[in-house]
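The values are calculated or read from the model by the stated rules, or taken from the named source; none is laboratory data. This structure is a prediction, so every number in the text was calculated from the model and none was measured. Neighbour counts are summed over all protein chains in view; Cβ atoms, including those assigned to glycine, are modelled from backbone coordinates with ideal geometry. Surface accessibility is based on the protein's heavy atoms, side chains included, excluding ligands, DNA and RNA. Shrake-Rupley method; radii C 1.70, N 1.55, O 1.52, S 1.80 Å.
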Amino acid sequence: MPSIPASSDLPTAAETPAEAGLLDALQHQVAVFARRAEQTRLGGVGQARNSMDRAAYLLLNRLDLEGPMGVKALAGGMGIDSSTVTRQVAPLVDGGLVKRTSHPEDGRAVVLALSPRGLARLEEVRSSRRELMALVTRDWTEEEREAFTSLLTRFNVSLSELMASVQDAGPAT
């Protein structure tokens, strides 16, 4: 994993006017994307459109991909604190989408797991969102979809690593 530069090592301005223009265009497109994503919540199409908020989707998806885990592990993997996960998971438990079980090795610890109902609901939302992505990128080639996905993944990982390094550094003095 590449190392994150200390905040004092980060560039404060673009080195050339062309680079500055490109970075301005990038930050503008990211801001527009964030607005569009929030407006639609990238919720898909059909009946499942906007039927699951971002936090619920990300929590259920993580439990599906990585299996049952404790609140602390879930929070750490998502880059949020445990109290936020606890608050976000409560309605999912109440709705029967997530179940709390005892840790198999330590009966005192609680593990969160995706319930069969949660998996079915997640698949319904995934299908709707997949259809939306197909519509949005219908004129794209497979290679363009792959390149965009790869670059967006790289961007998200880089942003996550940067934010973690800033948090680890603590407040500026």
* Asked: Tell me, what ³J(HN,Hα) does each residue in the stretch 158-164 have, in order and in whole Hz, if you take phi through Karplus 6.51 cos²θ - 1.76 cosθ + 1.60 with θ = phi - 60° and put x for Gly and Pro?
  -> 4, 5, 4, 5, 5, 5, 5
* Classify the stretch 56-115: rounded, prolate or oblate, from the alpha-carbon gyration tensor (a ≥ b ≥ c, eigenvalue square roots; a/c under 1.5 rounded; otherwise prolate if a/b is larger than b/c)? -> rounded
* With DNA, RNA and ligands ignored, accessible area of Ser128 (1.4 Å probe; Å², nearest 10) -> 10
* Just name one of Val157, Leu122, Thr86: the one whose Cα is farthest towards the positive end of the charge dipole of the stretch 81-166 (beta-carbon charges, Lys/Arg +1, Asp/Glu -1). => Thr86
* To do: Name the long-range amide H neighbours of Val98: under 5 Å, sequence gap of 5 or more, or other chain; modelled H, no Pro or chain starts.
  => Val93, Ser115
* Asked: On the accessible surface of the stretch 55-151, probed at 1.4 Å, how many percent belong to carbon and sulfur atoms?
  -> 55
